[in-house]
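The structure appears below as structure tokens.
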């Protein structure tokens, strides 16, 4: 990695982008810091890919500024050695062997050829180095795209939907790999339209909808906030449990034949209420919200798309 990165590694300041009469990105501001994986999440059409293209100098904002290490991408002294990007893993010649593809990119970019074998090994493609890309699975093409992004040993990585369409093994590999890159001190920004894909990977989260920032938050803090005082309960006497808990002021939601989610009382209080009526239960634990639930909570309660800034 280069040693001259100073200040916020990636920053958007009031970014706006229109296509005709449609607003793709609307006054979007955030920072992405090194040493952690930052998930960039929102539904299809939320403006994620447009934002990434502006960060990488591929699209010009109508207003606002996109910065990498304090400079627009187009003003970086060594852009390809500063930022590695994966926007489209299909952008390769199917008849070209994996190693030759990377050698061509290294030559074009001015990187030493020795980097090719290093990154092939880093992404687990060394055994397939002489195979033609046209015969690669989607997971192998994703790995090859990430290898290309790593050729310049950049301190910043920007990846668009890197786990899209992968099998479980490929998803697990990318999750582990992204965390290892962040642990090296790199800035890792990963976009996705599915929060579940980042649940075990992202340390920080940027959530956008309709081109606006909904949340800029630590993942753990977000899940704690959304989880609240909800308790997961499993009992063979569901109807009686509902009567007792509702009578004590709890909000009870049925999840299955024997499962309930209880909002209001703590797990200890729920146990006390059920115990007083001799109602047995086989499971009682604090409900932990998923990122998908967190996203639904954000969109349902943020009609005006008010951002919650990170502390």
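Annotations
- Meets criteria (surrounded by fewer than 22 Cβ atoms within 10 Å (Cβ to Cβ), under 30 Å from residue 64 (Cα atoms), touching a strand residue (DSSP E or B) at 6+ places or on another chain (Cβ under 8 Å) and not assigned by TED's automatic domain parsing to the domain that holds residue 277) for residue 186: no
This table checks each residue for (1) in contact with a helix residue (DSSP H, G or I) (Cβ under 6 Å, 6 or more places away or on another chain); (2) assigned to a strand (DSSP E or B); (3) at positive phi; (4) at pLDDT 95 or above.
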position	(1), (2), (3), (4)
38	no, yes, no, yes
49	no, no, no, no
64	no, yes, yes, yes
81	no, no, no, no
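- Subset of the range 251-265 [under 10 Å from residue 230 (Cα atoms) and over 31 Å from the mean Cα position of the chain (by Cα)]: 251, 252, 265
- A search for C-beta distances below 7 Å between a residue of the range 124-147 that is in the same structural domain as residue 80 (by TED's automatic domain parsing) and any residue that is in a strand (DSSP E or B), counting only pairs 6+ apart in sequence or on different chains, returns 130/97; 131/97; 132/97; 145/86; 146/86.
- Restricting the range 116-130 to residues that are closer than 7 Å to residue 147 by Cβ and modelled with pLDDT of 95 or more leaves a set whose member that is surrounded by the most Cβ atoms within 10 Å (Cβ to Cβ) is 119.
- Taking the criterion of being out of contact with any strand residue (DSSP E or B) (no Cβ under 9 Å at 6 or more places or on another chain), surrounded by fewer than 17 Cβ atoms within 10 Å (Cβ to Cβ) and touching a residue at least 12 places away in the same chain (Cβ under 8 Å), the only residue of the range 94-109 that qualifies is 109.
- Any hit, the range 77-84, residues being in the same structural domain as residue 155 (by TED's automatic domain parsing), free of Cβ contacts under 8 Å to residues at least 40 places away in the same chain and within 19 Å of residue 158 (Cα to Cα): yes
- Any helices (runs of 4 or more DSSP H) falling wholly within the range 214-311 and containing at least 3 residues that are modelled with pLDDT of 80 or more: 219-227, 238-247, 267-276
The values are calculated or read from the model by the stated rules, or taken from the named source; none is laboratory data. Being a predicted model, the structure only gives us computed values, none of them experimental. A quick note on method: Cβ atoms are made from the backbone with ideal geometry, for glycine too, and the neighbour counts reach across all protein chains shown.
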